[in-house]
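Just so it is clear, none of the values below were taken in a lab; they were calculated from the coordinates. None of the values given here were measured: they were computed from a predicted structure. Here the Cβ positions follow ideal geometry from the backbone for every residue, glycine too, while neighbour counts run over all protein chains shown.
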Amino acid sequence: MTKVIIEEATGRAREDMDLEPQQRGLQDLLQRKRYLLVLDDVWDDKQENWQKLKSLLACGAPGASILVTTRLSKVAEIMGTIKIPHELSLLSDNDCWELFKHQAFGPNEVEHVELEDIGKEIVKKCGGLPLAAKELGSLLRFERKKNEWLNVKERNLLELSHNGNSIMASLRLSYLNLPIRLRQCFAYCAIFPKHEQIWKQQLVELWMANGLISSNERLDFEDVGDGIWNELYWRSFFQDIKKDEFGKVTSFKLHGLVHDLAQSVTEDVSCITDDNGGTVLIEKIHHLSNHRSRSDSIHLHQVESLRTYLLPHQHGGALSPDVLKCSSLRMLHLGQREELSSSIGDLKHLRYLNLSGGEFETLPESLCKLWNLQILKLDNCRNLKILPNSLILLKYLQQLSLKDCYKLLSLPPQIGKLTSLRSLTKYFVSKEKGFFLAELGALKLKGDLEIKHLGKVKSVKDVKEANMSIKPLNKLKLSWDKYDEEWEIQENVKEILEGLCPDTQQLQSLWVGGYKGDYFPQWIFSPSLMYLRIEGCRDVKALDEALQHMTVLHSLSLYYLRNLESLPDCLGDLPLLRELAIAFCSKLRRLPTSLRLQTLKTLRIWGCPDLEMETRHDSSKVAHFPEIRVNGYLIKG
């Protein structure tokens, strides 16, 4: 780069010489001069290289500036001197059309009305990318026949070129600059439909199940996958990201042309998105997603080596026998199935099985013969009542997801034998052997966890053996049964809640329901928490002053605390609180004296007569809140 800068500045070719003389020459050229240096399309993301160049360029006069353009967020982060680099947005349809029109017709040519409508359809293929608009316009610069324009409109951009240069050459360069492992992970994205929002977690799980990523001594596969996803995002392959309430990326999209690129660089990935006619599958297809409303025309027997089969949107009864004959399958995602064949146990190589939304009441025992299974997702299986006891034989199982399985009342006994388990969304405590809380002790769980029936915990010793303190959970839900008579006489309930404290450094969301103690341990008010919900804890009279340390708390919900008499004044000073909800706390008579809460967006109050009256008649305390609701009625906002 040093040699190129000298040549551009002097207008003369530089004879080859060692780096050190080149560096001295560059400093002599720029010494005490106010210059503007533009480094366009920088790819080098090695920080040490930039530091060396930066030290050479520091010899200029005050006001000397360097402007860097790059496709890589990582380069912008390394080379930038401002906190947030300027990110160029996509062109609007109108701007894209103006650029295309300038290239296609020139500044002075008479308008061609019959071509403009076709041209505007062509521009939509550009997806706001100025490079594509420019190249397509140049391609049609001397074409004035309607059929030629229609031909460009119908063809894939990957097939089009101008002056021997492929329109996709620039994108291919980005792809070829990826390490081999990242190329494989990017190419796999072709399995999703164009323009569809892609769930990040699902993609990482599919990478893992396909052997594209794996855990190592330091990191689980999710962490490895996060790193690869971030690398692809920094290199501008992903866009339109969406985040959850904690700021964590949940989904994203591929630009239409980037999706075309993914399809062009892979030969074994296929995505079917329409219901028109039959489908011819070639034998080398390994990964197939089917987004049709019906699957009767998909002849899977043609594809002996199929490894991935995704049917996320199909409802139906039994699974097609063709699927169960695909013995090489590693990944299977089924839509809402009413029943499961026992033959599913024949898919011995299966690593990922997603049955979410199924209407079945139980799983076939044969599923427990899937010895290689690592991820089992059963979310929203609202009729699911029982899991087979032999599930604990799946020794490689890392994730068991049971969100919104409302009729499920128990897990198989001795769940602690699944020592590879890293994610378990729900656990049911019982007094029977094999269902103690201590079953969680050997499991290195992280992510989300709900523990139900805590009134059945035998002892504080049982809680300690669960080893909650070493589990880096993000969301934790703890519930005692509301009407459990045994729970009324549970001893050491305060010590039990104290012992349920996880690794609070990662904890962002906490829900405590039905706790029978009269005060909370301090960990409940962990400084890392962003969301706290306390419900049905009828003996609690006050919240601890430790609340003042919750400096990142966004939402506080207090429901059915029938003996709660006061809130600490420090509540009024929480710097990031956005939502405060108080419901059916009948003894609570007033809000804290000073409610500064400059960030609060919404105050909601239900079933608190004295509090409702204060809110309505002493509005000075809450006048600065944008939205106030009392018993569901909007009184301000």
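Extents of region 502-637, largest first, come to 42, 29, 23 Å (Cα atoms, principal axes, whole angstrom).
Packing around the peptides 344-355, 580-591, 239-250, 174-185, taken as the average count of other Cβ atoms within 10 Å per residue, puts them in this order, highest first: 344-355, 580-591, 174-185, 239-250. Projecting the Cα positions of Tyr233, Leu99, Ile84 onto the charge dipole of the chain (unit charges on Cβ atoms of Lys, Arg, Asp and Glu, taken about the Cα centre) puts Ile84 furthest along the positive direction. If you take every residue apart from Trp511 with its C-beta less than 9 Å away from the C-beta of Trp511, what net charge results, scoring Lys and Arg +1 and Asp and Glu -1? Summing Lys and Arg as +1 and Asp and Glu as -1 gives +1. Sorting the segments 126-138, 402-414, 512-524 by their residues' average number of neighbouring beta-carbon atoms within 10 angstrom, most packed first, yields 126-138, 512-524, 402-414. In terms of overall dimensions, region 378-508 has a Cα radius of gyration and Dmax of 14.0, 40 angstrom.
Beyond 20 Å between alpha-carbons counts as too far, so tell me which of Lys452/Lys475; Lys242/Lys636; Lys377/Lys426; Lys433/Lys456; Lys3/Lys46 fall in that bin.
Details: Lys452/Lys475 14 Å; Lys242/Lys636 30 Å; Lys377/Lys426 12 Å; Lys433/Lys456 12 Å; Lys3/Lys46 18 Å.
Beyond 20 Å: Lys242/Lys636.
Compute the signed sum of charges (Lys and Arg +1, Asp and Glu -1) over the other residues within less than 11 Å, Cβ to Cβ, of Ile213.
It works out to a net charge of -4.
Against the empirical 2.2 N^0.38 Å (N residues), region 197-264 has a Cα radius of gyration ratio of 1.14. Percent of C-alpha pairs per 5 Å bin in region 135-267, short distances first: 2, 9, 18, 19, 16, 12, 8, 6, 4, 3, 1, 0, 0.
Amide hydrogen proximity for Asn474: with H placed 1.01 Å from N in the peptide plane, the residues at 5 or more positions away or on another chain lying under 5 Å are Gly447, Asp448. Of all DSSP-defined beta bridges confined to the chain, some 15% are antiparallel rather than parallel.
Quick check: net charge around Arg604, other residues with Cβ under 13 Å of its Cβ, Lys/Arg +1 and Asp/Glu -1?
On the way: positive: Arg533, Arg578, Lys601, Arg629, Lys636; negative: Glu579, Glu612, Glu627.
Every neighbour counted, the sum reads +2.
Volume per residue for region 2-79 equals 95 cubic angstrom (convex hull of Cα atoms).
Give the label of the value calculated from the structure for log10 I(q)/I(0) by the Debye sum over Cα atoms at q = 0.05, 0.11, 0.12 Å⁻¹, choosing from (i) -0.27, -1.02, -1.16; (ii) -0.20, -1.06, -1.29; (iii) -0.34, -1.21, -1.28. Only one listed value fits the structure, namely (iii). 3J(HN,Hα) along region 505-511: 5, 9, 6, 10, 9, 9, 10 Hz, from the Karplus curve 6.51 cos²θ - 1.76 cosθ + 1.60 with θ = phi - 60°, whole Hz, x for Gly and Pro. Across region 337-343, computed HN-Hα scalar couplings (Karplus, 6.51 cos²θ - 1.76 cosθ + 1.60, θ = phi - 60°) run 9, 7, 8, 10, 6, 5, 5 Hz from first to last residue, x flagging Gly and Pro. Relative to the Cα centre, the charge distribution of the chain, modelled as +1 at Lys and Arg Cβ and -1 at Asp and Glu Cβ, gives a dipole magnitude of about 720 debye. Within region 429-523, the GluC sites (Glu not before Pro) that combine a DSSP coil assignment with at most 16 other C-beta atoms in a 10 angstrom radius are Glu432, Glu491. When His617, His255 are arranged by Cβ crowding within 10 Å, least crowded first, meaning fewest neighbours, the order is His617, His255. Sparsely packed loop sites in region 342-375 (the GluC sites (Glu not before Pro) outside DSSP H, G, I, E and B with at most 15 other Cβ atoms within 10 Å) comprise Glu359, Glu361. The listed peptides 139-151, 557-569, 208-220, ordered by packing as a protection proxy, come out as 557-569, 208-220, 139-151 (highest mean of other Cβ atoms within 10 Å first).
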